[in-house]
Amino acid sequence: MRRKLGLGADGTASPLGLIIKIVVLGLVAAIAVWAAFPLIGTGNWLGLAVLLLVTAVIFSIYLSPRAIPAKYLIPGTLFLIVFQVLPVLFTLSTAFTNFGDAHRGSKDEAVAAVEGSSVQQVPGSTVYTLTIATDGEPGSGDIVFLLTDPATKAAFVGTADGLEPLNDATQNTDGKITEAGGYEILDIAEVSARSADIVEFSVPTDRGAIKNQGLSRAFEGTPQQAYDAGCDCVKDRTTGQTWTANDDDGLFVDGQGQALAQGWQVNVGFRNFAEVLTNPVIRASFLKILLWNLGFAFGVVLITFALGLLVALVLNKPGLRGQRLYRSLIILPYAMPAVAMMLVWRDMFNTDFGLINRLFGLDVNWFGSAPSSMFAILLVQLWLGYNYMFLVSTGALQAIPADLTEAAQVDGARPFHAFRTITFPLLLVALAPLLISSFAFNFNNFTAIYLVSEGAPFPPDNPQAGATDILITYTYRLAFGGAGAQYGFAAAISVFIFLIVATISIVSFRRTHALEEIN
Amino acid sequence: MHRARALVAITALLLAGCQAGAGAGATEKPSLLIWTGGGPGGEATQALGAIFARENGVDVNVQIIPEDLQTQFVTASQAGRAPDVVMGAHDWIGNLVQNATIDPLQMTDDTKAGYQDLAIKAVTFNGQVYGMPYTMNNIVLFRNTALVPDAPRSMEELVQKGTQLKSSGKAQEILALPVGPTGDPYHINPLFTSGGGYIFGTRDTGDFDPADLGVAKPGATAAYAKIRALGEGGAGVLKRSITTDNILSLFSGGKAPFMISGPWQLPQLQQTGVKYDISPVPPFEGGQPARPFITVDAAYVASRGDNKALAQEFVTNFWSRPDTGTALYTATSSVPALKEALATVRAGDPLVGKVSDAGVEFGQIMPSIPAMAVVWDPLGKAEAAVVGGADPASTISAAASAIQAQIK
């Protein structure tokens with residue numbers, strides 16, 4: 001008798017295995033239910049369909065007797081999609097928009113913001129003392145404003161139809177209405193519960209509309225600027241100035257080319273990519289920055305690995321006294337937060353007050369010239385990084401069987417020769433992927449530059465490309481340092497950096513296959 | 001059999017968990033979410049939030065966002081998770097408005113009249129008032145009265161006195177003015193303006209005009225020629241090694257007789273025992289007035305908060321009260337923006353009065369237009385280069401063209 005679907009269908013028999021399976025599948029179901037409500041709430045039916053499909057696939061795979069390989073592949077695949085593929089796709093799609101400061105929302109949101117932020121009090125109008133009430137039940141009745149003119153104490157009721165005098169109102173000493181026949185006065189909790197309705201509500205008047213400002217005051221205001229769908233433009237009521245919608249840039253622009261502050265997000269096609277390729281500032285400095293970027297990433301890997309390996313070899317001698325203590329001391333800086341250490345190092349390089357100049361009696365402006373700034377950055381990275389290389393080299397060294405080197409010694413090889421021809425190649429087999437990933441990490445090691453030198457020194461005639469800038473710090477300055485955050489532009493640059501790092505990594509991994517033939 | 005029982009038991013547990021979650025929060029007090037930056041001001045805001053909560057019978061949750069409050073606020077607004085109220089500097093207004101994240105306030109004339117004029121001007125953008133100001137700061141000259149009894153009337157006098165002290169070994173530096181490796185246009189602004197420079201011109205309406213970039217004008221180069229003469233290749237008064245991180249220790253340790261900084265240094269200075277006094281930053285002899293930037297901190301009503309009516313009540317009626325102003329002064333030593341609170345504070349703390357007087361007489365509002373964001377980085381680097389000895393004309397014109405290329 002063979003069941004089609006079930007908890008034990010694939011042969012899971014141990015109670016522990018079953019419990020784990022139940023808990024994990026229960027969690028999947030719980031997450032799916034938890035995620036479904038907001039999707040239903042916002043009417044995101046595509047998202048809901050994807051959620052249902054993914055959940056159904058997970059359940060059918062783990063409850064089915066077949067599809068054994070899929071049981072192993074599905075978690076990794078899902079994580080790959082969620083954490084790798086989706087961000088890449090999102091970055092790519094952002095690169096084709098002008099998404100950024102002033103271009104975050106839709107055109108409708110921009111219009112609402114333009115109109116809303118142009119509301120001004122009608123000149124000479126009254127600022128009323130306000131009591132918020134409802135016509136009917138506090139939770140569901142229509143919102144009304146009970147208003148008093150502070151000067152005359154005259155009472156009014158404002159509804160969605162307009163303003164009318166109110167006769168049977170009781171006022172307190174501040175002029176606030178505390179009781180009025182037929183209306184339910186809302187307390188602060190009831191006002192909060194109706195907050196969304198109150199934001200929507202206004203009392204129309206001849207010259208504009210009465211809106212509340214807080215809980216106890218209301219004013220008669222009118223938007224100075226209004227959107228006109230006929231001309232697809234925003235008009236100013238008093239000056240008559242118009243700003244026409246420009247759907248290529250996502251801005252309202254007047255005749256002189258001056259734009260309103262609030263814009264909206266539009267698709268700009270390949271404009272961001274073209275900007276990266278044709279920007280004269282980028283063109284002038286790109287090659288220089290790329291070279292230092294490669295030199296920096298390669299240099300950091302080289303020096304940290306060289307020192308880490310050297311120390312690992314020295315401390316790998318069997319029977320060395322205090323071996324554990326030495327190893328612990330070397331790993332210690334690795335346990336400190338790198339960000340704080342970089343700031344400490346930056347201050348140690350201060351020309352007049354820094355420890356390094358004082359200790360050695362120097363007067364070097366470390367971040368004032370390109371070579372010294374590069375040296376300082378590499379030194380900081382060496383200190384921060386060699387411990388890690390020491391750690392992995394020690395591990396790899398211990399995994400190499402001692403009889404290999406002993407055999408070489410018996411054959412008459414000197415220690416260095418044995419190291420160079422036997423130990424080192426074997427080490428590289430194990431460590432090459434780590435070295436490549438270390439390179440890829442350092443290629444985009446933003447904090448290493450930004451917290452230590454900020455890219456300094458900068459040539460006096462170009463404040464945007466410093467001598468120690470790497471691509472990521474340089475583009476951060478272009479995309480976020482200047483005119484607000486320009487996510488679309490930044491995404492386009494990320495695509496280029498991604499291509500560079502991917503190319504280098506693919507070539508390197510190909511090369512490491514050659515190493516594996518040693519085995 | 002026992003397998004089925006286990007399944008039932010687990011299902012029951014899960015269901016119980018669901019029910020417990022659903023039962024909470026049926027009748028809750030109205031709540032107000034406020035975001036503010038860290039430091040003493042943040043803690044004082046929490047205390048004031050508690051007072052508002054008690055007076056109105058609501059919950060007030062003041063969250064301290066220690067890093068990148070402005071960016072986080074804009075991102076949260078966009079994601080529909082904005083707080084109801086946010087506290088921030090007035091120069092954020094341009095960016096917050098262009099991202100449709102804050103609402104204008106309708107301030108009555110009475111409320112406006114209670115504030116210092118500069119404070120209201122600072123929070124006005126495109127003719128609308130956007131924030132309720134609470135502190136108003138500017139930088140001043142601190143001098144060590146044990147070394148320099150009288151305030152210098154000009155930059156030249158300051159340099160001369162400082163040089164004397166340095167050559168007689170009583171001081172190691174002349175002036176603690178932060179420059180840093182990438183410059184600091186905020187702290188150099190009094191010298192920049194005294195030398196004839198300005199950053200943005202103003203339109204007739206009083207709004208800053210991004211098309212009128214002062215950095216590109218001859219006055220900016222002239223000012224930086226004077227700054228270069230004070231730099232590392234000249235008098236050695238300005239140095240890139242002096243940063244915001246070490247000015248206080250230079251001044252309070254007696255190593256520098258002068259420091260240019262703001263009232264936020266007062267709480268720590270009072271703990272150090274150095275004898276000091278405050279005066280306006282002196283101008284160059286025969287130059288323009290030395291104008292420090294005025295920065296105003298204000299409370300803003302978020303456009304996309306959940307409880308706007310309560311947020312407006314908090315900002316317009318509670319945050320504008322004099323006792324709120326004095327409470328914030330007690331925590332931060334910043335100059336209150338409210339006239340009544342300033343009068344109370346001045347009576348007990350004449351130093352804060354001196355900071356305020358210097359600001360009112362000489363200060364200029366730091367531009368809040370979005371174009372200002374483009375200025376800081378290129379101008380700062382140009383400043384650092386000139387202090388290091390670079391040619392002012394070519395350096396400043398390169399900075400100006402970098403700024404112009406980025407102003408949209």
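Annotations for the structure displayed:
- Global form of the stretch A:174-220, assessed from the alpha-carbon gyration tensor, a/c cut-off 1.5: oblate
- A:ILE506 - accessible surface, heavy atoms, 1.4 Å probe, Å² rounded to 10: 100 Å²
- Separation of alpha-carbon centers, the stretch B:57-106 and the stretch B:354-401, rounded to whole Å: 27 Å
- Per-residue HN-Hα couplings for the stretch B:388-396 [Karplus 6.51, -1.76, 1.60; θ = phi - 60°; Hz; x = Gly/Pro]: x, x, 6, 5, x, 4, 6, 5, 5
- Exposed GluC sites (Glu not before Pro) absent: longest stretch of chain B, with sites in DSSP loops and at most 14 other Cβ within 10 Å deemed exposed: B:68-284
- Across the stretch A:119-223, the relative contact order, built from alpha-carbon pairs under 8 Å that are at least six residues apart, equals 34 percent.
- Overall size of the stretch B:155-242 from C-alpha positions, given as principal axis extents largest first: 52, 25, 21 Å.
- Three-way shape call for the stretch A:119-223 based on the alpha-carbon gyration tensor, with the a/c threshold at 1.5: oblate
- The stretch A:57-165: radius of gyration and largest Cα-Cα distance (Dmax), Å: 28.8, 84
- Residues A:THR239, A:THR351, B:THR71, sorted by accessible area with the largest first, give A:THR239, B:THR71, A:THR351 [1.4 Å probe; ligands and nucleic acids excluded].
- Accessible heavy-atom area order of A:MET336, A:MET342, highest first, probe of 1.4 Å: A:MET336, A:MET342
- Whole-Hz ³J(HN,Hα) from phi, Karplus 6.51 cos²θ - 1.76 cosθ + 1.60, for the stretch A:141-147, glycine and proline x: x, 5, 5, 10, 9, 9, 10
- Diffusion coefficient of chain A by Stokes-Einstein, Kirkwood radius over Cα pairs, 20 °C, 1.002 mPa s: 70 µm²/s.
- Dipole magnitude (debye, nearest 20) for the protein assembly as shown, charges at Cβ of Lys, Arg, Asp, Glu: 4180 debye
- Distance from the C-alpha centroid of the stretch B:239-276 to that of the stretch A:189-216: 50 Å, rounded to the whole angstrom.
- Over the stretch B:72-182, all Cα pairs binned in 5 Å intervals from 0 give whole-percent P(r) values of 2, 9, 15, 13, 10, 8, 9, 9, 9, 8, 5, 1, 0, listed from short to long.
- The percentage of C-alpha pairs in the protein assembly as shown whose separation is greater than 51 Å is 33%.
- Most fluctuating residue given options B:GLN160, B:GLN271, B:GLN364, as computed from a GNM of chain B linking Cα atoms under 10 Å: B:GLN271
- 5 angstrom amide H check on B:THR135, placed H, neighbours 5+ away: B:ASP297, B:ALA337
- Taking max minus min of the alpha-carbon positions on each principal axis, the stretch B:130-281 gives extents of 50, 40, 29 Å, largest first.
- The mean number of Cβ atoms from other chains found within 10 Å of a Cβ in peptide B:306-316 is 6, as a whole number.
- In the structure shown, the pairs B:LYS226/B:LYS339; A:LYS211/B:LYS29; A:LYS153/A:LYS211 are assessed against 26 Å; a Cα-Cα span above that value is assigned to B:LYS226/B:LYS339.
- Take B:ILE294: with every protein chain present and a 1.4 Å probe, its accessible area is about 0 Å².
- Other-chain or far-sequence residues with amide H under 5 Å of B:ILE365's (modelled H): B:ILE294
- Amide H within-cut-off set for A:GLN241, under 5 Å, with H built and near neighbours excluded: A:ASP236
- Gyration tensor (alpha-carbon) shape descriptor, the stretch A:15-94, a/c threshold 1.5: oblate
- Structure-based [θ]222 nm, the protein assembly as shown - -39500 (n - 2.57) summed over DSSP H runs of at least 4, per residue, nearest 500: -15000 deg cm²/dmol
- Note: chain B, Cα convex hull, 190 Å³ per residue.
- 1.4 Å probe, heavy atoms, protein only - residues of the stretch B:381-408 losing at least 50 Å² accessible area vs chain alone: B:LYS381, B:GLN406, B:LYS408
- The fraction of all Cα pairs in the stretch A:403-519 landing in successive 5 Å bins from 0 to the largest distance is 2, 10, 14, 14, 13, 10, 9, 8, 7, 6, 4, 2, 1, 0, given as whole percents.
- Compactness index (Cα Rg / 2.2 N^0.38 Å), the stretch A:321-479: 1.34
- Karplus-derived 3J(HN,Hα) values for the stretch A:180-195, using 6.51 cos²θ - 1.76 cosθ + 1.60 with θ = phi - 60°, are 8, x, x, 10, 8, 7, 8, 7, 4, 5, 5, 4, 4, 5, 9, 3 Hz; glycine and proline are entered as x.
- Relative contact order (%) - chain B, alpha-carbon pairs under 8 angstrom, separation at least six: 25 percent
- When the charge dipole of chain A is built from unit charges on Cβ atoms (+1 for Lys and Arg, -1 for Asp and Glu) and taken about the Cα centre, the candidate among A:ALA35, A:THR503, A:VAL127 whose Cα reaches farthest toward its positive end is A:THR503.
- Where N is the number of residues in the stretch B:348-405, Cα Rg divided by 2.2 N^0.38 Å: 1.58
- In this view, the solvent-accessible surface of B:VAL375, computed with a 1.4 Å probe and all protein chains in place, comes to about 0 Å².
- Solvent-accessible area, 1.4 Å probe, carbon plus sulfur percent, for the stretch A:15-94: 86 percent
The values are calculated or read from the model by the stated rules, or taken from the named source; none is laboratory data. Since the model is a prediction, treat every value here as computed from it, not as a measurement. Heads up, the Cβs are rebuilt from the backbone with ideal geometry, glycines too, and the neighbour counts pull from every protein chain shown. Protein only, heavy atoms only, side chains kept; ligands, DNA and RNA dropped before computing areas. Shrake-Rupley method; radii C 1.70, N 1.55, O 1.52, S 1.80 Å.
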